[in-house]
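A.B. asks: Below you will find the structure I want to go over with you.
The values are calculated or read from the model by the stated rules, or taken from the named source; none is laboratory data. In this text the structure is predicted, and so the values were computed from the model without any measurement. For neighbour counting, all protein chains shown are included, and Cβ atoms are generated from backbone atoms with ideal geometry for every residue, glycine included. Just so you know, the surface numbers come from the protein's heavy atoms only, side chains and all, with ligands and any DNA or RNA stripped out. Shrake-Rupley method; radii C 1.70, N 1.55, O 1.52, S 1.80 Å.
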Amino acid sequence: MIGVFDSGIGGLSVLAAIARTLPGADLTYLADTAHVPYGPRSDAFIQGRVLAIGHHLAAQGCGLIVVACNTATAAAVQALRAELPQIPVVGVEPGVKPAAQSSRTRRIAVLATESTARSERLARLIRTHAEGVQVLVEPCPGWATRVETRDFDSPAFRQEMAEKVERLLAAGADRLVLGCTHYSFLSHLLTPLLQGRAELVDVAAPVARQAQRLAGRAAGGQGRLLLQATARPEQLRHSLPALGLGWLAERTRESACLAAV
Ligand code: DGL
């Protein structure tokens, strides 16, 4: 079984890519909805959550853990690997490398939570993979919560997105990296704002391929899905059709509430 987790529903974008890549694998998804969003939290808090969830998934028998959250990866993937050395762990990091490689203007932007935006891990990723490319790091406070509550339609939020994108386009960015898994579910709103002048970069599919490479026996099973949440688990299942993931609901064998994790 493969365990996938996020602070909330954002990691479902990664889960969907894994389910497409490994249709026979048993999957379990854990949304830490009692503590979402992680973006404004301290590194110590996020690390505590990641280790608790990692232990829980290991105890459930997961042979591979996917941290489907850029914020949790930046703050705690190293600690998780040290804590569970027997289990391969795949993290999610903003697609700085593919964006920098494909940019024609040599300017890219990374949309991320406050925590990811200030992280040393993102700074290192940029130093390593974006030499000679200007990287505009854009914290997007509140965006993950908008996705979590599926509250996309407020004119104020539409305006905020439009202004941010316009500013990045005016600065010459031709790649906008979705540096938070929740933002995948904003693609349909962001794409029209790009006016064909830039492309969004999402790493869900490459992360799923990496999970496939590392899964080994964890990729076995009967294609079942267990949905778990630390609060409001029923909302997780109900959110799938609204996110265009109704097909995942059909694989779901049960939903569980894990207030104690
Ligand atoms: N989905 C998460 C990420 O990829 C975090 C969103 C949040 O909880 O603030 O960064």
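A.B. asks: Provide the packing ranking of 66-73, 229-236, 150-157, i.e. peptides ordered by the mean count of other C-beta atoms within 10 Å per residue, highest first. Mind dumping the intermediate values first?
C.D. replies: Values: 66-73: 30.8, 229-236: 18.8, 150-157: 10.8.
My ranking of the peptides, most packed first, is 66-73, 229-236, 150-157.
A.B. asks: How do the peptides 97-108, 189-200 rank, highest first, by the average count of neighbouring beta carbon atoms within 10 Å per residue?
C.D. replies: Numbers: 97-108: 18.2, 189-200: 15.2.
Per-residue mean Cβ counts within 10 Å order the peptides as 97-108, 189-200.
A.B. asks: Next question. Between the stretch 193-208 and the stretch 154-188, how far is it from one alpha carbon centroid to the other, in angstrom?
C.D. replies: First find each Cα centre; the distance between them is then 11 Å.
A.B. asks: To continue, here is another question. How far apart, in nm, are the 7 Å Cα→Cβ label points at Phe157 and Glu234?
C.D. replies: Taking the simple label geometry, Phe157 and Glu234 are separated by 2.3 nm.
A.B. asks: Using a 10 Å cut-off on Cβ atoms, rank the peptides 41-47, 240-246 from the highest mean neighbour count down. Intermediate results must be reported in sequence, preceding the final value.
C.D. replies: Values: 41-47: 16.4, 240-246: 14.6.
Highest to lowest by the protection proxy: 41-47, 240-246.
A.B. asks: A follow-up question, please. Just to verify a number: FRET efficiency for Arg209 and Arg150, C-beta to C-beta distance, R0 = 30 Å, to 0.05?
C.D. replies: Working: r = 29 Å, r/R0 = 0.96.
FRET efficiency, Arg209 to Arg150: 0.55.
A.B. asks: Ser187 to Arg224: extension gain in nm, 0.36 nm per residue of separation minus the Cα-Cα distance? Write down the numbers at each step before the final one.
C.D. replies: Working: separation 37, 0.36 × 37 = 13.32 nm, distance 2.74 nm.
Taking Ser187 through Arg224 to full extension adds about 10.6 nm, to one decimal.
A.B. asks: May I ask for the distance between the Cα centers of the stretch 1-46 and the stretch 99-148, given as a whole number of Å?
C.D. replies: About 20 Å separates the Cα centre of the stretch 1-46 from the one of the stretch 99-148.
A.B. asks: Taking only DSSP H segments of four or more residues, each worth -39500 (n - 2.57), what value at 222 nm results for the chain once the sum is divided by all its residues, to the nearest 500 deg cm²/dmol? Display every interim value, and only then the final one.
C.D. replies: Numbers: 12 runs with 119 residues, N = 261.
It comes out at -13500 deg cm²/dmol, rounded to the nearest 500.
A.B. asks: Find the eigenvalues of the gyration tensor of the Cα atoms of the chain, then list the square roots of 5 times those eigenvalues as equivalent ellipsoid semi-axes, largest first, in whole angstrom. Don't skip to the answer; put the middle values down first.
C.D. replies: On the way: eigenvalues 165, 80, 60 Å².
For the chain, the semi-axes come out at 29, 20, 17 Å.
A.B. asks: Pairs of alpha-carbon atoms within less than 8 angstrom and 6+ residues apart define the contacts here; what relative contact order does the stretch 103-261 have, in percent?
C.D. replies: Relative contact order, the stretch 103-261: 21 percent.
A.B. asks: Note down the nm distance, to one decimal, between modelled labels 7 Å out along Cα→Cβ at Thr105 and at Gln78.
C.D. replies: For the pair Thr105/Gln78, the computed spacing is 3.4 nm.
A.B. asks: Does the stretch 194-241 come out rounded, prolate or oblate, given a ≥ b ≥ c as the square roots of the eigenvalues of its C-alpha gyration tensor, rounded meaning a/c under 1.5 and, failing that, prolate meaning a/b above b/c?
C.D. replies: Since a/c reaches 1.5 but b/c is at least a/b, the shape of the stretch 194-241 is classed as oblate.
A.B. asks: What do you get for the angle between helix 233-242 and the principal long axis of the chain? Use alpha-carbon atoms, 0 to 90 degrees, nearest ten.
C.D. replies: For 233-242 against the chain, the angle is about 50 degrees.
A.B. asks: Before anything else, pin down the relative contact order of the stretch 27-104: Cα pairs under 8 Å, at least 6 apart, normalised by residue count, whole percent. Mind showing how you got there, number by number?
C.D. replies: Values: 63 pairs, mean separation 22.8, N = 78.
29 percent.
A.B. asks: Right, here's the next one. Relative to the first principal axis of the alpha-carbon coordinates of the chain, what is the inclination of helix 120-129, with its axis defined by its Cα atoms, in degrees from 0 to 90 and to the nearest 10?
C.D. replies: 60
A.B. asks: Residues of the chain: accessible area per residue at 1.4 Å, in Å²?
C.D. replies: On the way: 10670 Å² over 261 residues.
I get 41 Å² per residue for this part.
A.B. asks: Which of rounded, prolate, oblate describes the stretch 90-161, given a ≥ b ≥ c as roots of the alpha-carbon gyration tensor eigenvalues and a/c under 1.5 marking rounded, otherwise prolate only if a/b is larger than b/c?
C.D. replies: Details: a/c = 2.53, a/b = 1.76, b/c = 1.44.
Prolate, because a/c is 1.5 or more and a/b exceeds b/c.
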